[in-house]
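Derivation of every value follows stated rules applied to the coordinates shown; laboratory data play no part. Everything numeric in this text was worked out from a predicted model, so none of it was measured. Cβ sites come from the backbone with ideal geometry, for glycine too, and all protein chains shown count toward neighbours.
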């Protein structure tokens, strides 16, 4: 028998990492499993896609974050399944991890709402690979547009369609508009800045529906001032290599459709893309010793509303579950503390609401900067991002414009040289 309980945490995102850090130096043996060896600060992912930040500035190696914690280890791997009866996490490479407590914190993935045509032609903005792919694609569109044989093809390459008027869509639309405004006049003299078209589509009646209407109106006005075309109550019905078709039959010829219209839980049990049922303590219903937190869990606030699929609930749940593991049965039901919502629109423009407080414009932008720097993992990353933002503010430049094609990583089984003789319970 193990001298201390074994805790397996699946997912190194906001919730999983907070849980692991809360269990640091406690009387438990912790294994944090993730397919990536880094924690990704997803709120700034759009700045990688829009050529402002480097990937290394919004990521933190998990082994470095957990360095010095003798009872916490990182394990690279994909979860293939969970045997709840035997309390075993099965990994895709054949390894098995035994647990006394299991925390599922696998986050979310892009939701295409079953539209396979959209999935085949859309560019996502949910993980680091997608952000780099989008950055490469946009820069390639500018290069090809500069040598396009016809005006129609040039216009298609310079038309960018963003689907989803939530924070990610709004932030990326503003960043893309500023990228075009700063870069095209200086470095693409053969392209007219006025020929670039950014179309932001939202299925609801207004942008940023989680904000109060006045802030949504402000965000729309600022985006339109940057040249972004906005259409609300608009849905994409289909897509092909030449563009997208809207629900009213209108065809938008474009080479770029960025999909930020929704997310769905990344189900580690490989059953169906629904949030896992949990009780008020984030214990998975119908199992023993298993918790689910973050986007994958169907948690509720004190009013009975589903917790939003954003980072603050996941972080709070991660710390709460860690306390529950260390002191089971004595915890009060989880109560989510809403710390507000922020979204930046561009340079010196942002919106925010924290409780009864409302921010917009320059004040909202400063609040947005401070909050994101505070939650960014790693002091070194905070310094580098602050310097990058300062350079951008003073020099009006988007300096990271390399078109780099990523090569796929070698399969872990190939690297190991064997498949079935690896030790288990690592």
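Laid out as a table, the results:
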quantity	calculated
R0 of 30 Å, Cβ-Cβ distance residue 210-residue 250: FRET efficiency to nearest 0.05	0.65
Shape parameters for the chain, alpha-carbon atoms, Rg then Dmax in Å	22.6, 73
Theoretical FRET efficiency, 1/(1+(r/R0)^6), r = Cβ-Cβ of residue 233 and residue 78, R0 45 Å, to 0.05	0.70
Segment residue 64-residue 116, extension gain: residue separation times 0.36 nm, minus the distance between their alpha carbons	14.8 nm
Antiparallel bridge percentage (DSSP; both residues within the range 195-353; nearest 5)	75 percent
Inter-label distance for residue 332 and residue 287, nm, one decimal - labels placed 7 Å from Cα along Cα-to-Cβ	2.8 nm
Helix 379-395 axis, angle to the chain major axis (alpha carbon atoms, nearest 10°)	10 degrees
Neighbour-count ranking [beta-carbon atoms within 10 angstrom, fewest first] of 250, 315	250, 315
Antiparallel DSSP beta bridges within the chain, percent to nearest 5	50 percent
Sorted by Cβ neighbour density within 10 Å, fewest at the top, the residues 394, 179, 386	394, 386, 179
At R0 = 35 Å, FRET efficiency that the Cβ-Cβ distance of residue 195 and residue 370 yields, to 0.05	0.40
Residue 319 paired with residue 363, simple spin-label distance in nm, labels 7 Å along Cα-to-beta-carbon	2.7 nm
Principal axis dimensions, largest first and in whole angstrom, of the range 227-343 by Cα	59, 33, 22
Global geometry of the range 102-230, whether rounded, prolate or oblate, following the gyration tensor of its Cα atoms and the 1.5 cut on a/c	oblate
0 to 90° range, to nearest 10: angle between helix 128-145 axis and the chain longest Cα axis	10 degrees
Compactness index (Cα Rg / 2.2 N^0.38 Å), the range 114-174	1.25
Rotationally averaged projected area of the range 1-118 (alpha carbon convex hull; nm²)	9.6 nm²
Gain upon complete extension [residue 379, residue 188; 0.36 nm per residue less C-alpha separation]	65.1 nm
Computed [θ] at 222 nm, deg cm²/dmol, the chain (DSSP H ≥ 4; -39,500 (n - 2.57); rounded to nearest 500)	-10000 deg cm²/dmol
The range 90-142: C-alpha gyration tensor shape, a/c 1.5 cut-off, then a/b vs b/c	prolate
Spin-label pair residue 300/residue 4, simplified geometry with 7 Å Cα→Cβ offset, distance in nm	3.6 nm
Separation between Cα centres of the range 184-215 and the range 277-296, rounded to whole Å	40 Å
Antiparallel DSSP beta bridges within the range 1-132, percent to nearest 5	40 percent
Isotropically averaged projected area of the range 286-337, using the convex hull of Cα atoms (one quarter of hull area), nm²	3.8 nm²
Cβ-based exposure ranking for 23, 342, in which fewest neighbours within 10 Å come first	342, 23
